[in-house]
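The values are calculated or read from the model by the stated rules, or taken from the named source; none is laboratory data. On a predicted model such as this, the values are computed, not experimentally measured, just so you know. Please note: Cβ atoms are built from the backbone with ideal geometry, for glycine as well, and neighbour counts cover all protein chains shown.
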Amino acid sequence: MKRRKFVAALGVGAGALAVGACNQAADSCGDGTNQGTANNSAIADKKQIYNWKLVTSWPKNLPGLGEAPERLAKIVKDMSDGRINIRVYGAGEIVPALEVFDAVSNGVSEIGHSGAYYWKGKIPAAQFFTAIPFGLTAQEINGWLHHGGGLELWRELYDDFGLIPMAGGNTGVQMAGWFNKEINSLEDMKGLKMRIPGLGGEVLKKIGGVPVTLPGGELFTALQTGTIDATEWVGPYNDLAFGLYKAAKYYYYPGWHEPGAMLEFIFNKEKFNALPADLQAILTHACRAVNQDMLDIYTAKNNDALVTLVEQHNVQLRKLPDDVLMELRKVSDEVALKVSETSPLTKRIYDSVMKFKNSVLDYHAISEQAYLNARTL
Ligand code: CA
């Protein structure tokens, strides 16, 4: 509660600062649609204040996911000495949760924060930029994106939509989800109506389940009223905040479907390209910092939240049986391959991420994996 007030106060302060600076500069400030122009000198550009909107797919200030856009706004304001003021809007405040992509593409908002797999109906390859079931971990996807050619491919994919994507956080390995019955075989997932977006949802469909995509803010009610039988969301820190334990008893792991789910910041390309170069650099590096920071938050908070779920709320923690995981992996590989056949660019993205996965598998087997095993011998 305290934190919410603090963030709200910060937002008001930022707005007030922007108005004051605009009056002094007496040029094209104020409505959030202003841009630097080619005629501006570097000095004029440095006086200009940019009041930008950021729309998200999350309830405002939601722990973890919703903290990232607020953090971006704060550090960009600090680094730019107030030249970019970003106001964050929660899901439904300007546009519904799952219309963030269109809102930024159409210039309704300058920035968006969401998950690329929500756009799979429009762009099947977008799913590869959130998570591939049994694919890359957070550490690996950051390596592929920033030093393995991933980001260039993502920019190519979004270019037709007038968008520039950047990594916007990572949850690390998620949980498999909340169920009201035990899962002992794939049979137990047949006919199951489960909220599970992206490629994981395609896998569920292939084994006879019914995948549903719902924004996070609607999960609790859907599960409690029986509109859905099961749901995945993120991990203990986020799932505790939504109170999902009140609507389902069994909490399964590991999150085979989202082993290192990456969020996205998307920028309206025209607006971004019109910024002075130093502000473009500030936004780019701020996204990079926020991307890492989200993983740091989950690493720091997930275990305490899990203890609360199990000890205070009597949640039944369960591991998916090995044979179920092996079957899910087989189906997952088939599903990802099928999606890769939807366009030449999708195939190039798939080939790039799979080549990267195979290249890190060998070394991670004798480094990360071997070490984590050794630590618990
Ligand atoms: Ca998820």
Revision key, fill the gap. So, first residue closer than 20 Å to Glu70 by Cβ in region 293-315, second residue crowded, with 17+ Cβ neighbours inside 10 Å and of a type in the set (Val, Ile, Thr), Cβ within less than 7 Å, six or more apart or across chains; the pairs are Tyr298/Thr171
Revision key, fill the gap. Given the conditions (1) part of a helix (DSSP H, G or I); (2) hydrophobic (A, V, I, L, M, F, W, C); (3) surrounded by fewer than 21 Cβ atoms within 10 Å (Cβ to Cβ); (4) modelled with pLDDT of 95 or more, every one holds for Ile43 apart from (4)
Review point. Residue check: is Leu295 closer than 30 Å to Lys53 by Cα and crowded, with 16+ Cβ neighbours inside 10 Å?
Key: yes
Revision key, fill the gap. In region 218-245, residues that are over 22 Å from Leu295 (Cα atoms) and in a helix (DSSP H, G or I) total 8
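Being out of contact with any Pro (no Cβ under 6 Å at 6 or more places or on another chain) and more than 22 Å from Thr130 (Cβ to Cβ) is true for just one of Val353, Val307. Which residue is that? Quick ask: steps written out before the conclusion?
Working: Val353 fails: more than 22 Å from Thr130 (Cβ to Cβ).
Only one candidate qualifies: Val307.
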Check your understanding: Does region 213-227 contain any residue that is closer than 25 Å to Asp323 by Cα and surrounded by fewer than 21 Cβ atoms within 10 Å (Cβ to Cβ)?
Key -> no
Practice item. Could you tell me whether Phe128 is in contact (Cβ under 8 Å) with a residue 40 or more places away in the chain, within 16 Å of the ligand (Cβ to nearest atom), in a helix (DSSP H, G or I) and farther than 27 Å from Lys301 by Cβ? Key: yes
Point to revise | Candidate set from region 192-247 (those that are touching a strand residue (DSSP E or B) at 6+ places or on another chain (Cβ under 8 Å) and of a type in the set (Lys, Arg)); member that is nearest to Glu258 (Cα to Cα) | key: Arg195
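Listed here are the residues, each with its yes/no results for (1) within 16 Å of Arg318 (Cβ to Cβ); (2) within 12 Å of the ligand (Cβ to nearest atom); (3) of a type outside the set (Phe, Trp, Tyr).
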residue: Met166; (1), (2), (3): no, no, yes
residue: Phe179; (1), (2), (3): yes, no, no
residue: Pro197; (1), (2), (3): no, yes, yes
residue: Pro215; (1), (2), (3): no, yes, yes
residue: Leu219; (1), (2), (3): no, yes, yes
residue: Thr231; (1), (2), (3): yes, yes, yes
residue: Pro236; (1), (2), (3): yes, no, yes
residue: Gly260; (1), (2), (3): no, yes, yes
**Study point:** The lone exception for Asn238 - which of (1) within 17 Å of Pro133 (Cα to Cα); (2) buried (at least 17 other Cβ atoms within 10 Å of the Cβ) it fails
**Key:** (1)
Review point. Which numbered condition trips up Phe272, out of (1) farther than 19 Å from Ile141 by Cβ; (2) surrounded by fewer than 16 Cβ atoms within 10 Å (Cβ to Cβ); (3) not aliphatic (A, V, I, L, M)?
Key: (2)
**Study point:** One residue from Tyr252, Tyr298 being under 30 Å from Ile164 (Cβ atoms), aromatic (Phe, Trp, Tyr) and either within 16 Å of the ligand (Cβ to nearest atom) or assigned to a helix (DSSP H, G or I) (or both)
**Key:** Tyr298
Check your understanding: Within region 199-215, can one find any residue that is modelled with pLDDT under 95, part of a helix (DSSP H, G or I), under 24 Å from Ile297 (Cβ atoms) and within 23 Å of the chain's Cα centre (by Cα)?
Key -> no
Review point. Of the residues Val331, Val290, Val335, Val324, which single one is among the hydrophobic types (A, V, I, L, M, F, W, C), surrounded by 13 or more Cβ atoms within 10 Å (Cβ to Cβ) and under 19 Å from Asn170 (Cβ atoms)?
Key: Val290
Review point. Which one is farthest from Met262 (Cα to Cα), of the residues in region 60-96 that are at pLDDT below 95 and touching a Leu at 6+ places or on another chain (Cβ under 9 Å)?
Key: Pro63
Review point. Which of the residues that make up region 174-191 are part of a loop (DSSP other than H, G, I, E, B), of a type outside the set (Lys, Arg) and under 20 Å from Asp322 (Cβ atoms)?
Key: Gln174, Met175, Ala176, Glu182, Ile183, Asn184, Ser185
Review point. Just checking, which of Leu186, Leu163 is among the aliphatic types (A, V, I, L, M) and either closer than 22 Å to Lys347 by Cβ or in contact with a Lys or Arg (Cβ under 7 Å, 6 or more places away or on another chain) (or both)?
Key: Leu163
**Study point:** So Gly260, is it of a type outside the set (Ser, Thr, Tyr), surrounded by 22 or more Cβ atoms within 10 Å (Cβ to Cβ) and either touching a residue at least 12 places away in the same chain (Cβ under 8 Å) or over 30 Å from Ser80 (Cβ atoms) (or both)
**Key:** yes
Exercise for review: Name the one entry in Asp78, Asp102 that is within 22 Å of Ile297 (Cβ to Cβ), without any contact (Cβ under 8 Å) to a residue 24 or more places away in the chain, outside any strand (DSSP E or B) and out of contact with any Phe, Trp or Tyr (no Cβ under 6 Å at 6 or more places or on another chain).
Suggested key: Asp78
